1. What relative contact order, as a whole-number percentage, does the range B:90-165 give when Cα pairs under 8 Å and 6 or more residues apart are counted?
2. So what is the 222 nm mean residue ellipticity for chain A from helices alone, if each DSSP H run of at least 4 adds -39500 (n - 2.57) and you divide by all residues, rounding to the nearest 500 deg cm²/dmol?
3. Output the Cα-based Rg and Dmax of the range A:119-273 in Å, rounding Rg to one decimal and Dmax to a whole number.
4. Would you mind telling me the antiparallel percentage of the DSSP bridges in the protein assembly as shown, rounded to 5?
5. Taking amide hydrogens as modeled 1.01 Å from N in the peptide plane, which residues meet the under 5 Å criterion relative to B:I218, leaving out close sequence neighbours?
6. Among A:T237, B:I86, A:M143, whose Cα lies farthest out toward the positive end of the dipole of the protein assembly as shown, if unit charges sit on the beta carbon of Lys, Arg (+1) and Asp, Glu (-1)?
7. Work out the length of the dipole vector of the range A:4-148 about its Cα centre, built from +1 on the beta-carbon of each Lys and Arg and -1 on the beta-carbon of each Asp and Glu, and round it to the nearest 20 debye.
8. Order by neighbour count: A:I79, B:I83, fewest other Cβ atoms within 10 Å first, most last.
Amino acid sequence: MDSPSPRPSIHPVSWKRQPVLFTHTGWRRAIYAGAFIYLILAMQSIEVDWQRVYLGLDRGWKFVEGFLLPDFTTRWHDIRAGLIESLTMTLTSTVAGVLVSVPIGIGAARNLAPMPIYLACRGIITLSRSFQEIIIAILLVAMFGFGPFAGFLTLAFASIGFLSKLLAEDIEACDRSQIEAIRATGASWWQVVNYAVQPQVMPRLVGLSLYRLDINFRESAVIGIVGAGGIGATLNTAIDRYEYDSAGAILIIVIAIVLVVEYSSSYIRRWVQ
Amino acid sequence: MNVLKLDKLSKTYATGDTALNHVSFEVPAGQVLGLIGPSGAGKSTLIRCINRLVEPTGGSITLGGTDLVRLRGTALRRARRRIGMIFQEYALVERLTVMENVLSGRLGYVPVWRSFLRRYSAEDISKAFSLLEQVGLSQQYNKRADALSGGQRQRVGIARALEQDPELLLVDEPTASLDPKTSRQIMRLIGSACRERDLPAIINIHDVMLAQQFTDRIIGLRAGEVVFDGPPGGLTDEVLTRIYGDEDWTQMRGEEAEGDESRTPAVDLADGI
C-alpha cells in the first residue's frame, strides 16, 4: 500500500497553546511588566532594621539553646497540668465540633438540602470561618473568663466551620447514580442519607475529624497565650519568665504529640477505607 | 391487562430542549419491551419520568390504576417502591456489602430506624438470600459491592430491583459496560425473572441485535417521538433508517452475523439461546 507523500506546505508547521487569561498580546505584556515593576517597588518598601536583627539573633540563640537543653523537671507540675488541660480541650472540642458539623454539613450540601436550609448552613460556615481562632478566643475569654472553657468553645466553634465546609463539599461530590438508585427504591430522605451518602463520605469524615483533632491540639497551644488555658498558658508563662529551657521542653512535647496523632491518624484512615 | 399506560407523556427541560413529545403506549403484564433509538432520543428521560427521577412536563403515566405524575411525598415513595430499576453502571452503593445493597430494595417498605440498624424482617432477609441464589451469587453476600466484577455487580443490581417486589421493571442500558457474553447472560436473567413473575419491563438498549433477541416488543424513539412500535421481527432496514437515520443496514447485519460465527468458539456468544 502506497501512502501519499506528506505535503507540509498546506498545513501549518508551528503551533502554540492559546493564552487562557489575557488574550490580547499587547495587554498581556503590559500586565506582566506592570506586575513585575510593582513587585520590585513593593520589595523596596520593606524596611529592615539590620541592627535590630543582629540584637535579636542573640535572643533567638538563647531560645535555641533552651531547646537543645530542655528542662522537663523544674516546671513538670505546671507542664503536666497544662498538657492534661490541652488534651481534654482538644478531644472534647473535636467531638463537639464533629457532632455539630455533621448536620450543618448535610444542610450545606446543595444536592440534599432545600435552598433556605442551604443558605442558613452556608451562613453559619462562613461566620465560623471568617474569624481566626485567636480572635474568637479573645472574645470568648472576655465573655467566659480565663481558662479552658473559653478554649473549648473556641476550638469547637472553629472546628464547625472547617468540618462542615469540607463535609458539604464531599457530599456534593458524591456519585449521583448511587443516590438516584437508592431514591428509586422509594427510600425516604433519611434513608437516602444513611444508605447512599453516608457510605460514600464516611472515610473522608473520619479522616477530616482526625486531622481536625491534630489542628485543635496545635491551636490549643496558641490560644492559651490569650488566656484560654491549656499548654499554651504554661508556654506563655515560661517565655515571660525567660525560662527558655522549660519552653523548649513544652515545644518538644507538643511536637511529639502532634507526631503521634499524625501517625495514628494515617493508620486509622487506611483502616476505614 | 395493561399494567402501565403512558398517555401523551412530554418532557421539556428548563433549557428548552424537548426530550419527549407526546409519547403514548401501553405495556401489558409480562411483556419485555425494548426501547431503542439514537443517543439523545429521550430513552433515559422516558424511563426516569416513569419513576419520577425526572419530572415530566405533560401527559399522564398510569401504573395499575395510580396516576404517577400527580404524586407527592409519601405517596410518591409508595409508588416508587412498586417500580424496580436497573442501571447502566450498576449504581450499587460501592462501600456497602452485597447484602445491604440487595436489602436496600426494601427501603420503601421499612421504617427509618429498621433500615438504619439493618434490622430487616425474616421474610426480607430470606427473600434476599433466595434472590442472590437465583442470580448465582449465594456465597458473596458479605463481600463489599466494589469487590465484585461488572457482571456480578449487575446481578446484584437485578437482585436489588427484584427485592422490591416490583410491578414494573425499568432497565437503563443494562449491558452498556459489559462484555458480549455477560451482556447476553444479564439479558437472559432479566428476561427469565420477568417471565417467572409475569413482570413487565422496559429496557433501554443500544444494541439492536440484543434487543431483537431478548425482547417481546420494540419501540423506536427518535427525537422524543415514537417512530416504531412492533414485534422485534418488524425491524426492517427501512424501520432502522426511520429510527437512526441513513446507514447501510444490510452491511451492518452481514458483518454482525459474520463476526458472530467466527467468534462463537472463543466467546461462546450463542450460549444457551
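None of the figures in this text is laboratory data; all of them are computed from the coordinates on show. As the structure is a prediction and not an experimental result, all values here were calculated from the model. No Cβ is skipped: glycine too gets one built from the backbone with ideal geometry, and neighbour counts run over all protein chains shown.
1. RCO, the range B:90-165: 53 percent.
2. Only helices count here, giving -25000 deg cm²/dmol.
3. In order Rg, Dmax, the Cα atoms of the range A:119-273 give 19.7, 68 Å.
4. 55
5. B:G34, B:G230
6. Positive-most Cα among the choices belongs to A:M143.
7. Its charge dipole is roughly 1080 debye.
8. The most exposed by this proxy come first: A:I79, B:I83.
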